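Structure first, then comments.
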Amino acid sequence: MEGYTRQIWLAVATLTLLAVSAVADDVLVLSEDNFEKEVGQDKGALVEFYAPWCGHCKKLAPEYEKLGASFKKAKSVLIAKVDCDEHKSLCSKYGVSGYPTLQWFPKGSLEPKKYEGPRTAEALAEYVNSEGGTNVKLAIPPSNVVVLSTENFDEIVLDESKDVLVEFYAPWCGHCKNLAPTYEKVATAFKSEGEVVIANLDADKYKDYAEKYGVSGYPTLKFFPKGNKAGEDYDGGRDLEDFVTFINEKCGTSRDANGQLTSKAGIVESLDALVKEFIAAGGDEKKAIYSRLEEEVAKLNGSPARYGKIYLKAAKNSMEKGAEYPKKEIERLQRMLEKSISPTKADEFTLKKNILVAFA
């Protein structure tokens, strides 16, 4: 049983990587098999040599994906990447000794030159346009940060059904400009969470709000949870991971920096304890534990109550369809997650899969 559960968790991790890869499908994935078929041919190519565990690579990933999306239709330029953990010999061939390494391969050449500039989508786009002779404009997706003003501040921030993080900024503030890309990533990571709002307010324009909430420097971040609309100072770090950890802890969410549900999503500890008894029991005893599960679920509120219904359905199907049900259903959900599905469906299937692991 423990061995199988471990296999399931490994499968879950693999699926998470697949989900992230699906987001990055505008960047061509290279290997020993296709490198020379794609690079050094009739297109110039910018290639990122990276390692999956590399922190700097993870930080570059969304910028590089934005670059790939912008140049997707460019006929004379290719944006690509190589996993150096998986393709060590290929990375060694091109002298890669640190990650990420970005190299430009001119059209018709396998002799690269190393990119040494800033690792932002804007700087990379300027470089690729210069080297590739293109004039591609960087695609700017719509913002997921809610813009506040006098017209909507109270309606959004003081909504007792929402947890709201607010950045009070000034347009001329350098630190605010530096924070802006990270703050956008935070908003994107939690855009599927209906009860979490990531917002900002131009406090230079709306000075009354800055005064009301004691804002004297920029940027100032305040958290307005459901239970405290007076606001709390956010004193945490300003890296994406810091914000994600803060919101998950304060709001009870389970998202990673890419907005994917983590393996903890949907898990209710009090129900997991009963599931262990349920698995070990047989016959009438299993039915009695199912009744106890129903009683526990009835005590839950909010999201845990929704997760509880999934627990009950999994338990009922396990009784009706046999002990192999969890394993078969997890495998079915894995197949579904590997397909192109909406973020809403991906969340739904991930929650079910996470909970079913407890029954496996």
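Scanning the stretch 330-343 for residues that are touching a residue at least 40 places away in the same chain (Cβ under 8 Å), assigned to a helix (DSSP H, G or I) and exposed (fewer than 15 other Cβ atoms within 10 Å of the Cβ) gives a single hit, Pro343. Only one of these is closer than 17 Å to Gly237 by Cα, β-branched (Val, Ile, Thr) and free of Cβ contacts under 8 Å to residues at least 60 places away in the same chain: Ile156, Ile198. Name it. Only one candidate passes the filter, namely Ile198.
So is Asn317 surrounded by fewer than 18 Cβ atoms within 10 Å (Cβ to Cβ), touching a Phe, Trp or Tyr at 6+ places or on another chain (Cβ under 9 Å) and of a type in the set (S, T, N, Q) or not? Taking the combined requirement at face value, the residue satisfies it.
Do we find that Ala280 is more than 30 Å from Tyr64 (Cβ to Cβ) and over 26 Å from the mean Cα position of the chain (by Cα) in this structure? So Ala280 fits the description; yes.
The residues of the stretch 158-173 that are in contact with a strand residue (DSSP E or B) (Cβ under 7 Å, 6 or more places away or on another chain), part of a loop (DSSP other than H, G, I, E, B) and of a type in the set (D, E, K, R) amount to a single one, Lys162. Residue-level check: of (1) open to solvent by 30 Å² or more (accessible area, probe 1.4 Å); (2) free of Cβ contacts under 8 Å to residues at least 40 places away in the same chain, Lys327 misses just (2).
The values are calculated or read from the model by the stated rules, or taken from the named source; none is laboratory data. Predicted model only: the values in this text are computed from it and were never measured. For neighbour counting, all protein chains shown are included, and Cβ atoms are generated from backbone atoms with ideal geometry for every residue, glycine included. Accessible surface is based on the protein model in full, side chains and every heavy atom, while ligands, DNA and RNA are left aside. Shrake-Rupley method; radii C 1.70, N 1.55, O 1.52, S 1.80 Å.
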